[in-house]
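Encoded as structure tokens, the structure appears first; notes follow it.
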Amino acid sequence: MSTLEKFRQECSAFFDELNMGSQRPLVFGEGPEHQPVLMLIGEAPGEQEALQGRPFVGKAGKNLDAFLQTVHLRREEIYITNVVKVRPSKISAAGRVVNRPPSREEKALFTPWLMREIAIVRPTMLVTLGNVALQAFIDDVIGNRHGQWSRAEIVTPEGEAFQLPLFALYHPASVIYNGSLKQTYADDLNILAGSLAGRINIQNDI
Ligand code: URA
């Protein structure tokens, strides 16, 4: 069994015990398991992700395609995951199951698992989408950090600690809801593409 398979088993057992995983299936990260160039971190699975058991499929997958095209990477080359690994949902006034933002408790429960996941996969860099993913590492808001490199401190519950370069992007969903962010998001993606193309030395210049 690979270390990541063991991680998934342990994580499933933990959330089964809390009765979270069994009610709402856990959606784990996917991609190369050993030192991929980039780990993309979203907020939480939505409806399609929970149905298909994969991160960033459906509408979110379409946004991801645009991301990949700009940074000249293929989906298979990057590791894609979320902070919260169950779909945060609620019943709407119309009686439908709809998405909601992850609660404080969900974020607190899942963040240590994300740290373990990063320590196992060891990507070269992190790219976060939106406030929830950014704030798993850095106590700041996306409005201050988007389009820039920061240093993320990774600390696992077992006490392993290391740093990784982190590039913060707005969440693509917020760009859909707020049209004025569209150009900003495009500019930020171009900065990331420039970094990946080697115009800045990510390891040394941050
Ligand atoms: N789908 C995901 O897997 N994560 C998000 O943050 C949004 C949609």
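The values are calculated or read from the model by the stated rules, or taken from the named source; none is laboratory data. The shown structure was predicted, so the numbers you read here are calculated from the model rather than taken from an experiment. Note that we place each Cβ from the backbone using ideal geometry, even for glycine, and neighbour counts take in every protein chain shown.
Summed over the stretch 119-162, residues that are closer than 19 Å to Pro36 by Cβ, assigned to a helix (DSSP H, G or I) and out of contact with any Phe, Trp or Tyr (no Cβ under 9 Å at 6 or more places or on another chain) total 1. Taking the stretch 88-107 as the range and being exposed (fewer than 15 other Cβ atoms within 10 Å of the Cβ), over 15 Å from Asn131 (Cβ atoms) and not charged (D, E, K, R) as the test, the residues that pass are Ile91, Ser92, Ala93, Ala94, Gly95, Val97, Val98. Does Pro45 satisfy the condition of being in a loop (DSSP other than H, G, I, E, B), within 16 Å of the ligand (Cβ to nearest atom), buried (at least 19 other Cβ atoms within 10 Å of the Cβ) and modelled with pLDDT of 95 or more? Spelling it out, Pro45 is indeed in a loop (DSSP other than H, G, I, E, B), within 16 Å of the ligand (Cβ to nearest atom), buried (at least 19 other Cβ atoms within 10 Å of the Cβ) and modelled with pLDDT of 95 or more. When the test is whether a residue is within 16 Å of the ligand (Cβ to nearest atom), surrounded by fewer than 19 Cβ atoms within 10 Å (Cβ to Cβ), within 14 Å of the chain's Cα centre (by Cα) and in a helix (DSSP H, G or I), Ala173 passes it. If you check Thr156 against the conditions, is it more than 16 Å from the ligand (Cβ to nearest atom), touching a residue at least 24 places away in the same chain (Cβ under 8 Å) and of a type outside the set (A, V, I, L, M, F, W, C)? Criteria met by Thr156. The set of residues from the stretch 1-22 being of a type outside the set (D, E, K, R) and either outside any loop (DSSP other than H, G, I, E, B) or in contact (Cβ under 8 Å) with a residue 40 or more places away in the chain (or both) comprises Thr3, Leu4, Phe7, Gln9, Cys11, Ser12, Ala13, Phe14, Phe15, Leu18, Met20, Gly21. Somewhere in the stretch 3-15, is a residue of a type outside the set (Phe, Trp, Tyr), away from the ligand (no atom under 16 Å from the Cβ) and more than 24 Å from Glu158 (Cβ to Cβ)? No, the conditions are met nowhere in the stretch 3-15.
Checked against the criterion of being within 16 Å of the ligand (Cβ to nearest atom) and over 19 Å from Val121 (Cβ atoms), the stretch 22-31 has at least one qualifying residue.
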